[in-house]
Structures are given as structure tokens and as C-alpha cells.
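Have a look at the structure below, then the notes.
The values are calculated or read from the model by the stated rules, or taken from the named source; none is laboratory data. All of these numbers come straight from a predicted model, not from anything done at the bench. Backbone-built Cβ (ideal geometry, glycine too); neighbour counts: all protein chains shown.
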Amino acid sequence: MSRVSTILFRRVAFALLLAVVLLAVSLPVIAATAPRTFVASYGNDAQPCTLTQPCRGFFAAAERTAAGGEIIVLDSGGGAAITLRGLTITAAGGLK
């Protein structure tokens with residue numbers, strides 16, 4: 001390969017690497033924009049806090065909820081009352 005080809009190859013490789021790094025950094029921000037997340041005593045904080053894959057804790061759900069969003073409690077887990085970034089926390093119908 002000539003010197004010009006080598007320089008061009010390095011620039012393209014650097015640009016692709018930079019694009020991958022920027023995408024990887026922005027994914028957590030993209031994931032944190034759910035308007036509604038779910039919490040349950042059987043949940044797991046590594047999950048995306050959806051209805052079918054709820055989180056266990058409020059703080060994990062708050063990290064994945066958009067500002068002004070809603071955290072829905074699917075069952076009673078005996079947790080204490082807390083305040084999180086102005087988010088509304090509601091219990092599903094019929095929970096006591």
C-alpha cells in the first residue's frame with residue numbers, strides 16, 4: 001500500500017471507531033427516555049423496567065424514566081415512600 005492509501009485507511013478506521021464509541025456512549029441516554037416504567041417485587045434492576053421485565057427498585061426505574069414520567073408499581077413489596085426527580089409513582093389498580 002502506498003503512503004496515501006495508508007493515511008486514508010487510518011482516517012477511515014478512526015472515523016468508524018469514533019462513531020462506534022459515540023453510539024455506545026449515547027445508548028444509556030436513549031434508554032432513559034421511557035415515559036412509563038414498571039417496578040415489582042419480583043423484578044430485577046438490570047432489566048429495562050418494562051411491563052414484562054420490571055425493575056425491582058424505584059431508583060433503577062427512575063434512571064430509565066423520562067423527566068415528568070411515571071413509575072407504575074405492579075405489586076406491593078413493602079417499600080417506604082420516597083421522592084424522585086418529580087416523577088409520579090402510582091400503584092396498579094387493586095393494590096393496597
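Report yes if some residue within the stretch 11-31 is within 10 Å of the chain's Cα centre (by Cα) and at pLDDT 90 or above; otherwise report no.
no
Residues of the stretch 49-96 that are charged (D, E, K, R), in a loop (DSSP other than H, G, I, E, B) and at pLDDT 70 or above: R56, R64, D75. Within the stretch 1-16, the residues that satisfy the criterion of being surrounded by 10 or more Cβ atoms within 10 Å (Cβ to Cβ) and of a type in the set (K, R) are R10, R11.
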